[in-house]
C-alpha cells in the first residue's frame, strides 16, 4: 500500500509547479522584471551549453547579472513563445523541460529549442539554477559550428 501524500507537502509541490510555469510564461512574454521576483538577489545561474547568440556557458552571480544576460539575448532574439513539457518537484528542487521558439531580429531566422532548467528554492525564491539547451533544432549549420569549435585539430 502506498503511503498517503501529506497535504502540506502536496500544496508546496503545487505552489512550486505554478511558480515554475509562471517563470517560463513571463520569460517568453518579455516581462523580465516580473520574472525576477522569483529569484533571490544572490541567485547563482549556471549555463551548460554553447553560444549561438544565446547564453555563454559559465556562471552568473546575482539577479542583476542574470537580468542583464537576458537583456543582451533579447537585443538579438525575439521570444516567440514556449510550451512547458514537464515540471517535476522534489522538496526544494524543481525541474522544467520546455520548448521555446525565437526569431533573430536581423536575419528573421527562427529556431525552436528544447531546454531543461533545474531550480533550487529557498524561502520561495530560486537560489540556484542550471540551464541546459538542446541544439538539435538549430539545424546542420549550428551542429557543424559546434563540431568545428570543439575540434582539437589546428586550423
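The values are calculated or read from the model by the stated rules, or taken from the named source; none is laboratory data. Being a predicted model, the structure only gives us computed values, none of them experimental. Glycine gets a Cβ as well: all are built from the backbone with ideal geometry, and neighbour counts include every protein chain shown.
Candidates are the residues of region 92-111 that are outside any strand (DSSP E or B) and free of Cβ contacts under 8 Å to residues at least 24 places away in the same chain; the one that is farthest from residue 26 (Cα to Cα) is 107. Just so you know, in region 45-59 the residues that are closer than 24 Å to residue 121 by Cβ and over 13 Å from the mean Cα position of the chain (by Cα) include one that is modelled with the lowest pLDDT, and it is 58.
Scan region 133-142 and give yes if some residue there is assigned to a strand (DSSP E or B), modelled with pLDDT under 90 and in contact with a strand residue (DSSP E or B) (Cβ under 8 Å, 6 or more places away or on another chain), otherwise no. Walk me through it before giving the result.
Taking region 133-142 first, the residues assigned to a strand (DSSP E or B) are 133-134.
Restricting the remaining residues to those that are modelled with pLDDT under 90 gives 133-134.
Retained after the next criterion (residues that are in contact with a strand residue (DSSP E or B) (Cβ under 8 Å, 6 or more places away or on another chain)): 133-134.
Checked region 133-142: at least one residue is assigned to a strand (DSSP E or B), modelled with pLDDT under 90 and in contact with a strand residue (DSSP E or B) (Cβ under 8 Å, 6 or more places away or on another chain).
As a summary of the residue check, residue 103 satisfies the conditions (1) modelled with pLDDT under 95; (2) closer than 17 Å to residue 35 by Cα; (3) surrounded by fewer than 17 Cβ atoms within 10 Å (Cβ to Cβ); (4) out of contact with any helix residue (DSSP H, G or I) (no Cβ under 7 Å at 6 or more places or on another chain) except for the one numbered (2). Filtering region 28-52 to residues that are within 18 Å of residue 82 (Cβ to Cβ) and without any contact (Cβ under 8 Å) to a residue 60 or more places away in the chain leaves 29, 30, 31, 32, 34, 35, 36. Here region 28-44 is the region considered, the condition is being at pLDDT 95 or above and in contact with a strand residue (DSSP E or B) (Cβ under 8 Å, 6 or more places away or on another chain), and the residue that is surrounded by the fewest Cβ atoms within 10 Å (Cβ to Cβ) is 42.
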